[in-house]
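Notes to accompany the following structure.
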Amino acid sequence: MALRFHKMHGLGNDFVVIDAREQAVTMTDGLARALSDRKTGIGCDQLILIEPSAVATAKMRIFNADGGEVESCGNATRCVVSLLGGEATVETLGGLLDGRTIGGTVSVDLIEPRFDWDAIPLAYAMDTARMPVGWDELTDPVGVNVGNPHVVFFVDDVDAVPLDILGPQIETDPLFPARINVNIAQVVGPNHLKMRTFERGVGLTRACGTGACATGVAAIRRGLMKGPVTIDMPGGTLVIDWAPGRPVNMAGPATHVFTAEADISAFQ
Ligand SMILES: N[C@@H](CCC[C@H](N)C(=O)O)C(=O)O
């Protein structure tokens, strides 16, 4: 079965994007895992499916490298908005996302962040502004849902944290019934953060758009700074803006690497 797909990325967080509005695609978690597997020679952090929508320009379905379908993906949303002509409303399981291109940058309004413990979700009630929990040197994080679940730890030096070891422990902790995306952040200047992410269902990525949104919101909620917040990740920089009562906004690049057609019958 020949499949036409786009290889894209947002600051190195990379995707295989399949437009299912123009070709018949039977999505299975096995197909998601196979196309995400870098040993296949293609590989990506997330597999993205574009489908028709009755309420938006298009629907975007997001499959992590482990095959699990999830609610939102900030970097992929910028890529899909770019593919859809530079201005679009994208329907996701995490809500309707409005994107537009301004100069060379794609700006996307995600949802209004949710902070209630059962909206993150957590397994039991607690203050999500300063959660009384910890894993080694990572303690008292902020919990926030920006369409998908995130926990944000503020540290003195993000490069000194063994996130490859602590990330999977936190991701799969029973405190998080839907698992969790794990973010660590360091204040490097006024309205300026440096961060890294261990993503649910993927692992360490070079950038995480929803992670940057969650981290910017957490810093503003903690009173560390006001928006707009510049956030540096290993793959590059996003600008996040938010104030209470508003959707969180993310602005950054979307890169189209190539379009290809491949016989994927071996993966199905
Ligand atoms: N890389 C994405 C996040 C993708 C989904 C996330 N791993 C989850 O499981 O919620 C982004 O740019 O937001």
Q) Which strands (runs of 3 or more DSSP E) does segment 60-172 wholly contain that include 1 or more residues that are surrounded by fewer than 16 Cβ atoms within 10 Å (Cβ to Cβ)? A) 87-92, 95-102, 105-109
Q.
Which condition from (1) within 20 Å of Asn148 (Cα to Cα); (2) more than 16 Å from the chain's Cα centre (by Cα); (3) of a type in the set (S, T, N, Q) is the one that Gln23 breaks?
A. (1)
Q) So which residues in segment 220-240 are of a type in the set (D, E, K, R) and either surrounded by 17 or more Cβ atoms within 10 Å (Cβ to Cβ) or touching a Pro at 6+ places or on another chain (Cβ under 7 Å) (or both)? A) Arg221, Asp232
Q: Within segment 109-140, count every residue that is small (Gly, Ala, Ser) and farther than 15 Å from Ile180 by Cβ.
A: 2
Q) So, of the residues in segment 2-21 that are outside any strand (DSSP E or B) and free of Cβ contacts under 8 Å to residues at least 60 places away in the same chain, which turns out to be nearest to the ligand (Cβ to nearest atom)? A) Ala20
Q | Search result, residues across segment 180-222 that are within 16 Å of the ligand (Cβ to nearest atom), of a type in the set (Lys, Arg) and closer than 21 Å to Thr128 by Cα | A | Arg196, Arg200
Q | Unmet requirement for Ala24, which otherwise passes all of (1) more than 14 Å from the ligand (Cβ to nearest atom); (2) part of a helix (DSSP H, G or I) | A | (2)
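Every number in this text was worked out from the coordinates using simple rules, so none of it is lab data. What you are looking at is a predicted structure, and each value in this text was computed from that prediction instead of being measured. Quick reminder, even Gly has a Cβ in these numbers, built from the backbone with ideal geometry, and neighbours come from all protein chains shown.
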